[in-house]
Amino acid sequence: MINLIPPLKIENTEIVIPGSKSVTNRALILAALTTRPVTLKYPLICDDTQALISSLVSLGINIERQQNEMIVLGSYLDVKDGEYDINANLSGTTIRFMTAFCCIVPGIKQLYGQGHLNKRPIKGLVDALMFLGAKIGYMDEEGYLPLKITSSSLQVRNLKIDGSVSSQFLSAIMLITPVIGNIKISVTGNTVSQSYINLTKRILDEWNFKKIESYAIEGDYSAASYFAAIAVLTKSKITLSNLKEDSTQGDREFFSIISQMGNKVSFGENKVTVVGKKLAPIDINMENCPDQAQTLAVLTAFAKGKTILTGVKSLRLKETERVIALQNELLKMGIKTESPDVDTLIIHGGDPKAATIETYGDHRMAMSFAVAGSKIDGMKIKNPEVVSKTFPNFWYKLNEIGIKISL
């Protein structure tokens, strides 16, 4: 457990934002489909990306790590006929992407995860891949990990896939189309996290399989959003560098949200500056940036009035049931909330008090509630090491802007 001590004042400061997890993992899959070495520059190294790297390496794909870059030397063509165990640990992105990837390489592949990942649904993706000719069996309960995949090729067929559970189902199949061919995909249901599908499409469009030798990983808007929220809460000026203005990352939308609140957001060359001016309740749909619903919930807990967040249904199937987790921990801070339906969270903002926060093994619970530690003294975060899943240097970066961390 750590204790957060807010600074007297956050001076005009600049934070270098690490590479995007979402871009890193998509680029790793595409590099492993490219039949020549590919250098990934400025990748994020965290638990989630390490899970995907280890999964690819376990199939016999050679990947070298150097300072500020990774070189994917091998490809899917290097995978031999054999038996393989693929451990995604706690990474949802890894298990979805590797499930599709393992359908186009030889051998008997057993895929599994750890903890809550084994309880997250995967049937929609499995059904879609089986329609394309994959041979996949459930080793325990139908619809959940672990899986056994025995096929090594897929057919080009017109495909329907349910987009209401996870955008990663669709992204996983999109990423392997350079090998299986351009299949026509129609999405049924209300697509969640459309922005992540747009991100996958953009990276595919940028990837030139005949000529590409290197690919630069852009900075992570998910990571940047916590510091943008701190700027708003403390009415400070914080510049966040290594961010593309034209990024298609979903969490870029968080900057539009705080701008709607009345704060100043300005983009420069590879950076964005946030000047906190106003904290007000808001009625907003979080479907395109669901990972920042927790950040916004904690931020608007300090805004007197009623904030209504819709589009939060997907949060209930993440590392934890994030809506309930948010309600539990905000209540400890004296903030009342409501969830009138599965897709809505209402926060009655006011005057939050310091509390000891459970993180539920969820990195975003730790980082979002740390935002409150920039304003009120005595915020304590249990199991702070969970941030290693996506942002290992998070606590160090907080210290950079003057928020003191003590055990």
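Those strands (runs of 3 or more DSSP E) of region 119-230 in which at least 1 residues are more than 30 Å from Pro37 (Cβ to Cβ), considering only elements entirely within it, cover 136-138, 147-149, 159-162, 185-188. Regarding region 198-208, can at least one residue be identified that is in the same structural domain as Val72 (by TED's automatic domain parsing), among the polar types (S, T, N, Q) and farther than 28 Å from Ser164 by Cβ? So far as region 198-208 goes, yes, one or more of its residues are in the same structural domain as Val72 (by TED's automatic domain parsing), among the polar types (S, T, N, Q) and farther than 28 Å from Ser164 by Cβ. Residues that are buried (at least 16 other Cβ atoms within 10 Å of the Cβ), in a loop (DSSP other than H, G, I, E, B) and among the charged types (D, E, K, R) do not occur anywhere in region 385-404.
Just to verify a result, which residue in region 253-310, among those that are of a type in the set (Ser, Thr, Tyr) and closer than 18 Å to Gln327 by Cα, is nearest to the chain's Cα centre (by Cα)?
Filtering region 253-310 down to residues of a type in the set (Ser, Thr, Tyr) leaves 256, 259, 266, 273, 295, 300, 307, 310.
Imposing the further condition that a residue be closer than 18 Å to Gln327 by Cα reduces the set to 295, 300, 307, 310.
Values: Thr295: 13, Thr300: 22, Thr307: 24, Thr310: 19 Å.
Only one residue tops the list, namely Thr295.
Within region 46-63, residues that are within 26 Å of Phe394 (Cβ to Cβ) have Cβ atoms under 7 Å from residues that are in a loop (DSSP other than H, G, I, E, B) and among the β-branched types (Val, Ile, Thr) in these pairs: Cys46/Thr390; Asp48/Thr390, counting only partners at least 6 apart in sequence or on another chain. For the residues Thr310, Thr273, the requirement of being in the same structural domain as Val387 (by TED's automatic domain parsing), surrounded by fewer than 17 Cβ atoms within 10 Å (Cβ to Cβ) and among the β-branched types (Val, Ile, Thr) singles out Thr310. Taking region 27-46 as the range and being closer than 29 Å to Gly361 by Cα and either in contact with an Asp or Glu (Cβ under 9 Å, 6 or more places away or on another chain) or surrounded by fewer than 20 Cβ atoms within 10 Å (Cβ to Cβ) (or both) as the test, the residues that pass are Tyr42, Pro43, Leu44, Ile45. With the requirement that a residue be part of a loop (DSSP other than H, G, I, E, B), of a type in the set (Gly, Ala, Ser) and more than 13 Å from Thr320 (Cβ to Cβ), what does region 361-379 give you? Gly378, the sole residue that qualifies. Note on region 317-360: among residues that are outside any strand (DSSP E or B) and touching a His at 6+ places or on another chain (Cβ under 7 Å), the one that is modelled with the lowest pLDDT is Glu319.
When restricted to residues that are outside any loop (DSSP other than H, G, I, E, B), buried (at least 18 other Cβ atoms within 10 Å of the Cβ) and not aromatic (Phe, Trp, Tyr), region 72-93 contains 5.
Scanning region 336-367 for residues that are buried (at least 24 other Cβ atoms within 10 Å of the Cβ) and under 18 Å from Ile308 (Cβ atoms), we see that the one that is nearest to the chain's Cα centre (by Cα) is Leu345. Annotation: of all residues in region 159-190 being over 22 Å from the mean Cα position of the chain (by Cα) and of a type in the set (D, E, K, R), the one that is farthest from Ile122 (Cα to Cα) is Lys184. For Leu240, the criteria (1) in contact (Cβ under 8 Å) with a residue 40 or more places away in the chain; (2) crowded, with 19+ Cβ neighbours inside 10 Å; (3) part of a helix (DSSP H, G or I); (4) over 18 Å from the mean Cα position of the chain (by Cα) hold in every case but one, which is (3).
Just one of the numbered conditions (1) within 16 Å of Ile17 (Cβ to Cβ); (2) modelled with pLDDT of 95 or more; (3) surrounded by fewer than 24 Cβ atoms within 10 Å (Cβ to Cβ) is not true of Val371: (3). Kindly indicate whether any position in region 302-314 is part of a helix (DSSP H, G or I) and in contact (Cβ under 8 Å) with a residue 40 or more places away in the chain. Checked against the condition, which is being part of a helix (DSSP H, G or I) and in contact (Cβ under 8 Å) with a residue 40 or more places away in the chain, region 302-314 yields at least one hit. Among the criteria (1) within 22 Å of the chain's Cα centre (by Cα); (2) basic (Lys, Arg); (3) under 25 Å from Thr239 (Cα atoms), the one Arg26 does not fulfil is (3).
Here the condition is being under 17 Å from Gly92 (Cβ atoms), of a type in the set (Phe, Trp, Tyr) and in contact with a Ser or Thr (Cβ under 8 Å, 6 or more places away or on another chain); of Tyr144, Tyr196, Tyr215, it holds for Tyr196 alone. Scanning region 368-407 for residues that are under 19 Å from the mean Cα position of the chain (by Cα) and basic (Lys, Arg) yields a total of 2.
Do the conditions hold for Ser222, that is, is it among the small types (Gly, Ala, Ser), under 22 Å from Asn68 (Cβ atoms) and touching an Asp or Glu at 6+ places or on another chain (Cβ under 9 Å)?
yes
The values are calculated or read from the model by the stated rules, or taken from the named source; none is laboratory data. Quantities reported herein were computed from a predicted structural model and do not represent experimental measurements. Neighbour counts are summed over all protein chains in view; Cβ atoms, including those assigned to glycine, are modelled from backbone coordinates with ideal geometry.
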